[in-house]
1. Kindly check whether there is at least one residue in region 112-123 that is surrounded by fewer than 22 Cβ atoms within 10 Å (Cβ to Cβ) and under 21 Å from LYS222 (Cβ atoms).
2. GLU34 is checked against (1) assigned to a loop (DSSP other than H, G, I, E, B); (2) more than 19 Å from LYS167 (Cβ to Cβ); (3) without any contact (Cβ under 8 Å) to a residue 40 or more places away in the chain and fails just one. What number does that condition carry?
3. Which pairs turn up if I take residues in region 285-306 that are under 21 Å from GLU252 (Cα atoms) and look for partners that are crowded, with 22+ Cβ neighbours inside 10 Å and of a type in the set (D, E, K, R) with beta carbon separation below 7 Å, at least 6 apart in sequence or on another chain?
4. Working only within region 396-417, note down all residues that are assigned to a loop (DSSP other than H, G, I, E, B) and surrounded by 17 or more Cβ atoms within 10 Å (Cβ to Cβ).
5. Of the conditions (1) open to solvent by 30 Å² or more (accessible area, probe 1.4 Å); (2) out of contact with any strand residue (DSSP E or B) (no Cβ under 7 Å at 6 or more places or on another chain), VAL355 satisfies every one except a single condition; which number is it?
6. Please enumerate the residues belonging to region 223-249 that are touching a residue at least 40 places away in the same chain (Cβ under 8 Å), part of a strand (DSSP E or B) and surrounded by fewer than 20 Cβ atoms within 10 Å (Cβ to Cβ).
7. Identify the single condition in (1) part of a loop (DSSP other than H, G, I, E, B); (2) touching a Gly at 6+ places or on another chain (Cβ under 6 Å); (3) open to solvent by less than 40 Å² (accessible area, probe 1.4 Å) that ASN424 does not satisfy, given that it satisfies every other one.
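The values are calculated or read from the model by the stated rules, or taken from the named source; none is laboratory data. Only a predicted model underlies this, so the values are computations on that prediction, with no experimental measurement involved. Positions of Cβ are generated from backbone atoms using ideal geometry, with glycine treated the same way; all protein chains shown enter the neighbour counts. These area figures cover heavy atoms from the full protein model, side chains too; ligands, DNA and RNA do not enter into them. Shrake-Rupley method; radii C 1.70, N 1.55, O 1.52, S 1.80 Å.
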Amino acid sequence: MNTPTMRIIDLRGKRLTRAEMLAAMPRAEMGTDEATELVQPILDDVKARGAAALRDFEEKFDHVRPEHLRVPAEAMTAALEELDPAVRASIEESVRRSRAVAASQVPEDFHTDLAPGARVAERWIPVQRVGLYVPGGKAVYPSSVIMNAVPAQAAGVESLAIATPPKTADGLPDKTILATCAILGVDEVYAVGGAQAIAMFAYGAKGTEPQDGEVLCEPVDKITGPGNIFVATAKRMVSGIVGIDAVAGPTEIAIIADAGANPEYLAADLIGQAEHDELAGSVLITDSEELAAETQESLNRRVPRTKHAERVATSLTGRQSGIILTDGLDQSIDAANAYAAEHLEIQTADADAVVKRIRNAGAIFRGPYSPVPLGDYMSGSNHVLPTSGTARFAAGLGVHTFMKPVEVIEYDEEGLKALAARINTFAVSEDLPGHGECVLTRFVADPYDKATLDQQEIEAGLK
């Protein structure tokens with residue numbers, strides 16, 4: 001195969017506006033408009049026909065017609081019993097570390113006392129029912145089961161359902177995924193993939209065969225988890241009917257590196273991300289032209305020797321990837337903040353100083369011994385992260401994803417009385433006198449008699 005040559009985006013000597021810097025960043029095109037036309041009939045059909053539609057779509061897209069759309073408990077038990085002990089130990093260590101971090105993320109309720117008898121409190125309430133999507137595609141992702149389920153469990157979500165495509169001839173999902181569900185104690189698992197799984201979560205699905213029961217799947221309150229363009233589009237389309245974590249685009253890495261970075265590490269890290277998908281973005285940001293050349297030379301040696309060389313080469317040479325050359329570390333940081341990478345590695349002499357200046361990243365991997373795959377599997381952090389530049393305003397998945405802050409207003413008679421006249425004044429200024437009358441009713445005889453209202457307020461001690 002031809003060795004991949006990454007394109008060069010040369011920012012040296014340029015003073016770019018914010019808009020120009022954003023436009024200079026390499027990006028993949030999502031193509032969601034085309035996907036919408038394909039996804040809408042799937043959503044409509046699952047909503048109307050339930051399990052029958054799910055089986056039809058699984059046969060069409062995944063080339064198997066599952067007898068059991070909900071995976072039988074015995075299949076999950078068998079998958080755990082058959083799991084390679086070394087793989088099981090790795091999964092259990094990942095779960096242990098993820099649970100430790102998730103436990104630390106659980107927010108605490110609090111209250112603020114504003115005056116005697118005047119308190120505003122805030123409770124964090126878990127979402128009641130959540131649908132977790134685990135993709136199939138080019139790889140198997142038991143790690144995604146962990147990253148979705150662990151924070152949901154830590155948040156206190158009482159009902160968890162997982163959907164993942166069937167992968168075997170008998171219509172069941174991958175056994176490692178089933179075993180991971182068993183390790184986590186998640187027993188509601190569906191052999192359903194793609195946009196049809198998102199429809200099932202959003203609308204629920206009635207059963208159509210005896211093994212389905214009357215209701216195959218109840219609707220959820222929130223859907224999380226990554227997926228392909230059709231899954232992402234379906235999530236966007238049902239958003240508002242249910243909550244979603246994000247509309248995920250292709251995965252991506254950016255690396256800020258200076259002249260002292262190891263080009264072999266950089267090349268390996270770029271390849272590691274490119275392995276996911278032909279549309280995956282791999283971006284090196286450096287002020288060292290020599291380092292850029294050395295990294296390219298390392299890529300030329302390494303790419304032909306990796307298993308998914310064709311996929312990697314396609315990704316590295318795509319418009320979504322590239323080497324960004326800068327005038328110095330300041331411009332490298334500006335470029336990284338504009339790119340807002342899902343994964344941002346920092347391999348510079350003073351990594352801590354750079355970390356403090358990063359505003360936009362899904363997750364930051366500090367130093368040469370914190371590569372992205374550490375976070376993918378076992379760092380304890382979560383690998384479900386914002387993509388496509390959305391890290392400028394969005395955060396990765398965590399315990400907070402599965403909780404809602406709800407304010408509790410606790411005023412007694414004294415607390416409300418102190419504000420009653422002012423609330424009425426405010427309400428009248430907005431031409432909403434009924435708001436003020438609602439409050440005044442608790443303290444005056446006739447809040448609707450505007451001629452005597454001022455005197456009533458004085459007599460009631462409101463003024």
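1. yes
2. Exception for GLU34: condition (1).
3. Matching pairs, first to second residue: none at all.
4. Answer for region 396-417, where residues must be assigned to a loop (DSSP other than H, G, I, E, B) and surrounded by 17 or more Cβ atoms within 10 Å (Cβ to Cβ): GLY396, LEU397, GLY398.
5. (2)
6. Matches in region 223-249: GLY243 only.
7. Every listed condition holds for ASN424 apart from (1).
Conditions tested, residue by residue: (1) without any contact (Cβ under 8 Å) to a residue 40 or more places away in the chain; (2) in contact with a strand residue (DSSP E or B) (Cβ under 8 Å, 6 or more places away or on another chain).
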| site | (1), (2) |
| --- | --- |
| ILE364 | yes, yes |
| SER370 | yes, yes |
| LEU374 | yes, yes |
| GLY389 | no, no |
| LYS417 | no, no |
| GLY434 | yes, no |
| LEU440 | yes, no |
| LYS450 | yes, no |
